[in-house]
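For reference, the structure is listed below as structure tokens.
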Amino acid sequence: MLSPANTKIWLYPTPIDFRKGMDSLSYIVADRLKMNPASGQLFIFRNKGLTKLKMLYWEDNGYWLFYKRLSKGKFILPKISGAAMGISRQQFSWLLSGLSLLEKTSHNPLKVQHIY
């Protein structure tokens, strides 16, 4: 499984169509980022509304596809110039926790009472 201690993490700045699956995301990594999608690096993609993240990771003999959707609030991302932004494990943790990668402000915890 994902070993974050030695995994390089890349944030793709352009919103993607969230109907894309592993093959389409690996094509974006290879074609637009000019990186090897099967390199063991973690690639993070976002939707236009900043409420969803998809993460593509290759391990040994196949892809992992991780998905996170916020029920309330938005992910806080910096403006990125260039093809992708490398982030640290600490910044990755902040991102998934709802913190800004730069400002360290968080979402309030949400207690789910019912699903739909």
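See the values below:
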| item | result |
| --- | --- |
| Output for the range 36-65, where each listed residue is touching a residue at least 40 places away in the same chain (Cβ under 8 Å), touching a strand residue (DSSP E or B) at 6+ places or on another chain (Cβ under 8 Å) and more than 21 Å from residue 102 (Cβ to Cβ) | 57, 63, 64, 65 |
| Unmet requirement for residue 38, which otherwise passes all of (1) more than 19 Å from residue 13 (Cα to Cα); (2) under 14 Å from the mean Cα position of the chain (by Cα); (3) small (Gly, Ala, Ser) | (2) |
| Wholly enclosed strands (runs of 3 or more DSSP E) of the range 1-114 bearing at least 3 residues surrounded by fewer than 13 Cβ atoms within 10 Å (Cβ to Cβ) | 62-69 |
| Pairs where the first residue, in the range 93-108, is modelled with pLDDT of 85 or more and the second is among the basic types (Lys, Arg), C-beta under 8 Å, 6+ apart | 94/104; 96/68 |
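The values are calculated or read from the model by the stated rules, or taken from the named source; none is laboratory data. Only a predicted model underlies this, so the values are computations on that prediction, with no experimental measurement involved. A quick note on method: Cβ atoms are made from the backbone with ideal geometry, for glycine too, and the neighbour counts reach across all protein chains shown.
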